[in-house]
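For reference, the structure is listed below as structure tokens.
The values are calculated or read from the model by the stated rules, or taken from the named source; none is laboratory data. Quantities reported herein were computed from a predicted structural model and do not represent experimental measurements. As a convention, Cβ positions derive from the backbone with ideal geometry for all residues, glycine included, and neighbour counts pool all protein chains shown. To get the accessible areas, we keep the full protein, side chains included, count just its heavy atoms, and leave off ligands, DNA and RNA. Shrake-Rupley method; radii C 1.70, N 1.55, O 1.52, S 1.80 Å.
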Amino acid sequence: MQLRDLKVLLVWLVPLIATPAWATNHMVTVGGDTSDGYYGNSPVLSFSPVQMTINAGDTVTFTNAGGMHNVHSDAGAITSFQCSNDCISNNAPSTAGWSATVTFPTAGTIGYHCDEHVSMGMTGSIIVNAVTPPPPTITIGGYMSGNWYNPQQAGQGFQIEAATNNNMVAIW
């Protein structure tokens, strides 16, 4: 009987303490070079992927694969950033093998570019979707209750009662 009550308690408490959405890290390759056969290597003046869709709270890691690049949000972007060797003090285009991670907390479309090669079309965009919380896993009806007692600590336990209109009472 006590194990069943513990399971009911967990069903009630887990949705209250669980994280509503798990953030994901997405990768964007910045620049690089490619072999074009007879002429040797040619610089890549693009981001890969050029466009992506993520959820609010996700992060994007930009990694320089070669060349003189940075990543800079367009003017007026919802999420503003300018990164290369880091995103704070050393954010000018750089040939170093830098990597920078940016968090996107707000829904919207963010355009970005490489300051050195924007005139050559080195641009990209990120569409950030709003995250809606999942529906509740159970519906708590009126006047559900449960009691839990720990025989190891005589006289101690607690009771939870769910009433109508989303009211809940907990007694220890």
Original post:
Over the range 56-107, what relative contact order in percent results from Cα pairs under 8 Å that are six or more residues apart?
Top reply: 46 percent
Subject >> Average Cα contact separation per residue, the range 47-172, under 8 Å, 6 or more apart, as relative contact order % >> reply: 23 percent
Original post:
With every protein chain left in place, what is the accessible area per residue of the range 28-120 in square angstrom, probe 1.4 Å?
Top reply: 50 Å²
Subject >> Packing rank of 131-137, 112-118, where each peptide gets the mean count of other beta carbons within 10 Å, highest leading >> reply: 112-118, 131-137
Original post:
Accessible area, 1.4 Å probe, largest first: how do Ile78, Ile110 sort?
Top reply: Ile78, Ile110
**OP:** Roll a 1.4 Å probe over the protein heavy atoms and report the accessible area of Met68 in Å², nearest 10.
**Re:** 80 Å²
**OP:** Could you look at the range 57-162 and say what percent of its accessible area is carbon and sulfur, using a 1.4 Å probe and all protein chains?
**Re:** 54 percent
Original post:
Between Gln82 and Ser42, what FRET efficiency follows from the Cβ-Cβ distance if R0 is 30 Å, with the result rounded to 0.05?
Top reply: 0.70
